[in-house]
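Participant: Before we start, here is the structure in question, set down as structure tokens.
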Amino acid sequence: MKEYDWAGWQGEIIATLLFVVQGDKILLIEKKRGHGAGKVNGPGGKLDEGESPLACAIRETREELLIEVSDARKVAELWFQMSDYPSICCHVFMGGEYVGEPTETEEAVPFWADLADIPYERMWEDDRHWLPRILKGEILTGKFLFEGEKMISMEIAPARF
Ligand SMILES: Nc1nc2c([nH]c(=O)n2[C@H]2C[C@H](O)[C@@H](COP(=O)(O)OP(=O)(O)OP(=O)(O)O)O2)c(=O)[nH]1
């Protein structure tokens, strides 16, 4: 894997992801449009002006799945440096309580996956390295360098927020 100097790195975009877990299931989406369309991911997107990452994660999940999550907490911060898209600092949240029914929208098709059978082959290449760890309760930072769709550098470390 390639070395990358992250000193002084700043994301051009600040974005969020929110993973809802209930029992042995995780709520995922097939993303219909935007960056990563066609991939499986959690709901999320860019911060609005003046919005906090937590408020953004909850809003994006409301807009994409029509559910209101009430107990989201931050579990990871991921830095994505990409060759073909502005760099993204992504705040990742996890929750388990919500009202509403996960519903398909213009942005996403929701589905529940078994925690033991998450479809990593349909997800971004880095996800298999950090998602299992946050699902076990770890708090992480991750730094990922992409050349197109290919991950060419990865650093993951324990964190506290
Ligand atoms: N799980 C995962 N998510 C990623 C990776 N790279 C990456 O940009 N994302 C997520 C972070 C953001 O939620 C989203 C990209 O942000 P974006 O804000 O540019 O795209 P979007 O079209 O969803 O945004 P929006 O217009 O709805 O606000 O994709 C990755 O490697 N793994």
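No value in this document is a laboratory result; all are computed from the given coordinates. None of these values were measured; they are calculated from a predicted model. A quick note on method: Cβ atoms are made from the backbone with ideal geometry, for glycine too, and the neighbour counts reach across all protein chains shown.
Participant: For segment 1-58, state which chymotrypsin sites (Phe, Trp or Tyr not before Pro) are in a DSSP loop and have at most 12 other beta carbons lying within 10 Å of their beta carbon.
Facilitator: Answer by residue number: Trp6, Trp9.
Participant: Something else now. Please state the shape class of segment 1-104: rounded when a/c is under 1.5, otherwise prolate if a/b exceeds b/c and oblate if not, all from the C-alpha gyration tensor.
Facilitator: prolate
Participant: Quick check on segment 103-161: take the gyration tensor over C-alpha atoms, sort the square-rooted eigenvalues as a ≥ b ≥ c, and tell me if it's rounded (a/c under 1.5), prolate or oblate.
Facilitator: Cα axes put segment 103-161 in the oblate bin.
Participant: By the scheme Lys and Arg +1, Asp and Glu -1, what is the net charge of all other residues having a beta-carbon under 12 Å from that of Tyr4?
Facilitator: -2
Participant: Can you sort Thr61, Thr105 by how many other beta carbons sit within 10 Å, fewest first?
Facilitator: The fewest-first ordering by Cβ neighbours comes to Thr105, Thr61.
Participant: Under a plain spin-label model, where a point goes 7 Å from the Cα along Cα-to-Cβ, how far apart in nm are Glu147 and Glu30?
Facilitator: Reported label-point gap for Glu147 and Glu30 is 3.1 nm.
Participant: Ranking request for peptides 46-53, 84-91, 69-76: highest mean number of other beta-carbon atoms within 10 Å first, then the rest in descending order.
Facilitator: Highest-to-lowest ranking by the protection proxy: 69-76, 84-91, 46-53.
Participant: My understanding is that a pair violates if its Cα-Cα distance is over 22 Å; which of Lys46/Lys74; Lys2/Lys31; Lys46/Lys143; Lys32/Lys136; Lys32/Lys74 do that in this structure?
Facilitator: Lys2/Lys31; Lys32/Lys136; Lys32/Lys74
Participant: Please give, to one decimal in nm, the separation of the simple spin-label points placed at Ser83 and Glu106, each 7 Å out from Cα toward the Cβ.
Facilitator: Those two pseudo-labels are separated by 3.3 nm.
Participant: Tell me which trypsin sites (Lys or Arg not before Pro) from segment 96-145 have a DSSP coil assignment and no more than 14 other beta carbons within 10 Å of their own.
Facilitator: Hits after loop and neighbour filter: Lys136.
Participant: What residue among Gly148, Gly44, Gly95 shows peak mean-square fluctuation when the chain is described by a Gaussian network model with Cα springs under 10 Å?
Facilitator: Maximum fluctuation in the GNM of the chain, among the listed residues, is at Gly148.
Participant: Leaving out same-chain residues fewer than 8 places away, which aspartates and glutamates sit with a Cα under 14 Å from that of Lys25?
Facilitator: Glu97, Asp114, Asp117
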